[in-house]
Structures are given as structure tokens and as C-alpha cells.
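Data first, discussion second: the structure below is written as C-alpha cells.
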Amino acid sequence: MTPVTRQEVLGLYRKIFRIAKKWQSASGKIEETIKEKEYIESEAKTLFRKNKKVTDPKLIKQCIEECEARIEIGLHYNIPYPRPIHLPPMGLAHKQGRMLRHQEKLRKISKPIYLKSHDEVS
């Protein structure tokens, strides 16, 4: 990891904790605010620790883009949780063979950047 990349990653990590410190839930209830703050902090710790050993520059850049996207979406919608996506159901594909593999590939490609690591951690 280059020094510039390292500084960018550490800056994002600090930014997330500053956001968590100032976070207010959309409902304004204290219990929900505390719960959402804890979620933001635990999600950040989990994802940053999971990606601590990543050395591939392309993968590091992808993780940085995902982090920035999740920050922007969370601040915009005032929801710390990843926004759900709606993809066509897999029930339309055959249960085996090329069609199933093709549909799984399409689902993977169509997944937004802000959800790439969410299913791996959850």
C-alpha cells in the first residue's frame, strides 16, 4: 500500500467515526440513535479489519470507492444501513446448468458497489 493510499484509508476510517459521533437517527429517538451509532462503528471496524491484509491496488481502490459510496448514501438518506436492491428472482432460471450460472453471474455484476462487502460480512 502506498503512503498516499494509506493516508486515504485512514482518513476514511476517521471520517466514519466522526460521522458516528455526530449521528442522529431520522426518527430522533435516543434509543435508535444509539443503536445506529453502534452499527456504524461496528460495521466500520469489521470491514476495515477484514480488508486489512488487502494488497492489490485495484481491490484497495474498489474498497475505498465502496466506503465513499456508503458514506454518501448514508448521509443523504440519513440511514446507516445499506439500501436494499431488487433483482429479478432466480426462480426463473433452470435449477442447473448454463442458465443458472449465467443468472448468478448477472446478479453478481448488477450488485451496486455499496453492497459488495455487505453480504460477506453479514
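Any read-out appearing in this document is the output of simple, stated calculations on the displayed coordinates, not a laboratory observation. Source: prediction; values computed, not measured. Positions of Cβ are backbone-derived with ideal geometry, glycine not excepted, and every protein chain shown enters the neighbour counts.
Using a cut-off of 21 Å between Cα atoms, the listed pairs Lys21/Lys45; Lys22/Lys52; Lys15/Lys45; Lys15/Lys50 include Lys22/Lys52 as exceeding that distance. In plain terms, the chain from Leu10 to His76 could stretch by 21.5 nm, reckoned as 0.36 nm per residue minus the Cα-Cα distance. Rounded to the nearest Hz, the phi-derived 3J(HN,Hα) couplings of the range 52-69 under the Karplus curve 6.51 cos²θ - 1.76 cosθ + 1.60 (θ = phi - 60°) are 4, 8, 5, 10, 5, x, 5, 5, 4, 4, 5, 5, 5, 4, 4, 4, 4, 5, where x marks glycine and proline.
FRET efficiency for the pair Glu38 and Ile64, taken as 1/(1 + (r/R0)^6) with r the Cβ-Cβ distance and R0 = 30 Å, rounds to 0.80.
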